[in-house]
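The values are calculated or read from the model by the stated rules, or taken from the named source; none is laboratory data. All values reported here derive from a predicted model rather than from experimental measurement. Glycine also receives a Cβ, built like all others from the backbone with ideal geometry; neighbour counts cover every protein chain displayed.
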Amino acid sequence: MRIFQSLATVALSICLLATTQAVSAAGEDHPIRVDIQPEPVQAALEDQEPGEVLSPEDTLREVAPGVYVTYGVIGTIDEFNRGFNGNAGFVVTDEGVVVIDALGSPRLGKAWLETIRSVTDKPIEYLVLTHNHPDHSYGAVAFREETDATVIAHPATEDYLRSNQFADSVAYREDLLEEDFEGFEAVHPDETVEPAFGEPLELEVGGEAFHVYNVGGHHSFGDLLIHMPDRQITWGSDLYFQNRTTYMLDGNLEDYFKADELAKGLETELMIPGHGVAQEGPPFPMREKTVSYVTRLRDMMKDAVENMVPLSEAVNQAEESFPEWEDTALFEENHRKNANFIYTQMEQKLLFGEE
Ligand SMILES: [Zn+2]
């Protein structure tokens, strides 16, 4: 498969990023940590005028013919990235467009739709929401209002939309990013992908095949993965992370390993993640790194539970045992929580025979 040159440039730039100072082109302190960003984000930040915010168009790349990705900032939501802290993509076929994820606010959803419209005016046939986390799905309202796209999501979406977690996350964002959240509404899926590991929902648009897999709840209430078998492209969403520590508290450990097994069985030459740049492979360094993190943390917490090591001590041990992750984004925010969560899952499994 022919990959556009931008990918090679991206890979090269990643190596150079380590030496970059966290300052903007203007030389002022930049509120976004620049040294860990994917090259498209880095480049866009350097072009930014003071006070400007990144738009999906600024970081859009064609990663394979007709396959586009907009790269979000690596970091948690704040008033500088304004919820543009995850990736989204789209595929232009002869007859229409398939969009994967909607970005993190109504404002971003609108800007994302305009970005797509700057590339093609073909109808948007489907919007596939890989999972419910805000950075991937809260822009969906723009597609609901302005297109006839069929919205496809995980069946657990409805549970999420009824949860306190949903209500709290919307309230938090409406407070933090008031104008960006004007007109926010929950988007209920038109079609859901029923749970059956290994059996995808098969979509076809303009001769392009999209296999949408329900991969359980490995990272959220419910997660999807999209494979394009003729192109050997996998949209992995938040199964594998780069330069960013995963967040496991909404997920399930058994589903994680099952999802990874499923992904490994899909022929893939280009892996497009929910955060960080697309990688050519196999092997995929983001996969190796994330799976080894989850596996090590699981083994460590399992050991701790078996040996009656108290929770707080086990979490402290985990904190000191991942020095190679300390420099990645969200390590401080997520790592101890992940350890705590896995310990609890292991405890339930080992002591009570359940998860
Ligand atoms: Zn995400």
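Anything in segment 322-343 that is without any contact (Cβ under 8 Å) to a residue 12 or more places away in the chain and assigned to a helix (DSSP H, G or I)? List them, or say none.
Within segment 322-343, Pro323, Glu324, Glu332 meet the criteria.
Looking at segment 276-294, is at least one residue touching a helix residue (DSSP H, G or I) at 6+ places or on another chain (Cβ under 6 Å), more than 16 Å from the ligand (Cβ to nearest atom) and not polar (S, T, N, Q)?
Yes, that holds for at least one residue.
For the structure I just gave you, tell me whether Asp94 is among the charged types (D, E, K, R), in the same structural domain as Glu125 (by TED's automatic domain parsing) and modelled with pLDDT under 95.
Against the criterion (among the charged types (D, E, K, R), in the same structural domain as Glu125 (by TED's automatic domain parsing) and modelled with pLDDT under 95), Asp94 does not qualify.
Give me a count of the residues in segment 274-288 that are in contact (Cβ under 8 Å) with a residue 12 or more places away in the chain and assigned to a loop (DSSP other than H, G, I, E, B).
So the count comes out to 8.
Determine which member of the set Val291, Val309 is free of Cβ contacts under 8 Å to residues at least 12 places away in the same chain and either crowded, with 20+ Cβ neighbours inside 10 Å or β-branched (Val, Ile, Thr) (or both).
One residue alone meets the criteria, Val309.
Under the condition of being among the β-branched types (Val, Ile, Thr), in contact with a helix residue (DSSP H, G or I) (Cβ under 8 Å, 6 or more places away or on another chain) and over 15 Å from Ser105 (Cβ atoms), which residue from segment 138-172 is nearest to the ligand (Cβ to nearest atom)? Talk me through it step by step, then tell me what you get.
Going through segment 138-172, the residues among the β-branched types (Val, Ile, Thr) turn out to be 141, 147, 150-152, 157, 170.
Of the ones still in play, those that are also in contact with a helix residue (DSSP H, G or I) (Cβ under 8 Å, 6 or more places away or on another chain) are 141, 147, 151, 170.
If we keep only those that are over 15 Å from Ser105 (Cβ atoms) as well, we get 147, 151.
Working: Thr147: 23, Val151: 18 Å.
The residue in question is Val151.
Filter segment 138-156 for residues that are crowded, with 18+ Cβ neighbours inside 10 Å, part of a loop (DSSP other than H, G, I, E, B) and not aromatic (Phe, Trp, Tyr) and give the result.
Gly139, Thr147, Ala149, His154, Ala156
Quick one: which residue in Phe322, Phe331 is under 21 Å from Ile77 (Cβ atoms) and not assigned by TED's automatic domain parsing to the domain that holds Thr93?
Details: Phe322 fails: under 21 Å from Ile77 (Cβ atoms).
So the residue among Phe322, Phe331 that is under 21 Å from Ile77 (Cβ atoms) and not assigned by TED's automatic domain parsing to the domain that holds Thr93 is Phe331.
Looking only at residues in segment 278-316 that are among the basic types (Lys, Arg) and closer than 20 Å to Ala329 by Cβ, which one is farthest from the chain's Cα centre (by Cα)?
Among residues in segment 278-316 that are among the basic types (Lys, Arg) and closer than 20 Å to Ala329 by Cβ, the one farthest from the chain's Cα centre (by Cα) is Arg296.
Only one of Leu297, Leu350, Leu266, Leu262 is within 26 Å of Thr76 (Cβ to Cβ) and either hydrophobic (A, V, I, L, M, F, W, C) or out of contact with any Lys or Arg (no Cβ under 8 Å at 6 or more places or on another chain) (or both); which?
Of Leu297, Leu350, Leu266, Leu262, the one residue that is within 26 Å of Thr76 (Cβ to Cβ) and either hydrophobic (A, V, I, L, M, F, W, C) or out of contact with any Lys or Arg (no Cβ under 8 Å at 6 or more places or on another chain) (or both) is Leu297.
All but one of (1) within 14 Å of the ligand (Cβ to nearest atom); (2) within 26 Å of Glu179 (Cβ to Cβ) hold for Pro106; state the number of the condition that does not hold.
The number of the failed condition is (1).
Just a yes or no: is a residue in segment 323-334 more than 22 Å from the chain's Cα centre (by Cα), exposed (fewer than 15 other Cβ atoms within 10 Å of the Cβ) and more than 16 Å from the ligand (Cβ to nearest atom)?
Checked segment 323-334: at least one residue is more than 22 Å from the chain's Cα centre (by Cα), exposed (fewer than 15 other Cβ atoms within 10 Å of the Cβ) and more than 16 Å from the ligand (Cβ to nearest atom).
State whether one or more residues within segment 121-137 are surrounded by fewer than 23 Cβ atoms within 10 Å (Cβ to Cβ), closer than 20 Å to Asn85 by Cα, more than 16 Å from the ligand (Cβ to nearest atom) and modelled with pLDDT of 95 or more.
The answer is no, given that none of the residues of segment 121-137 is surrounded by fewer than 23 Cβ atoms within 10 Å (Cβ to Cβ), closer than 20 Å to Asn85 by Cα, more than 16 Å from the ligand (Cβ to nearest atom) and modelled with pLDDT of 95 or more.
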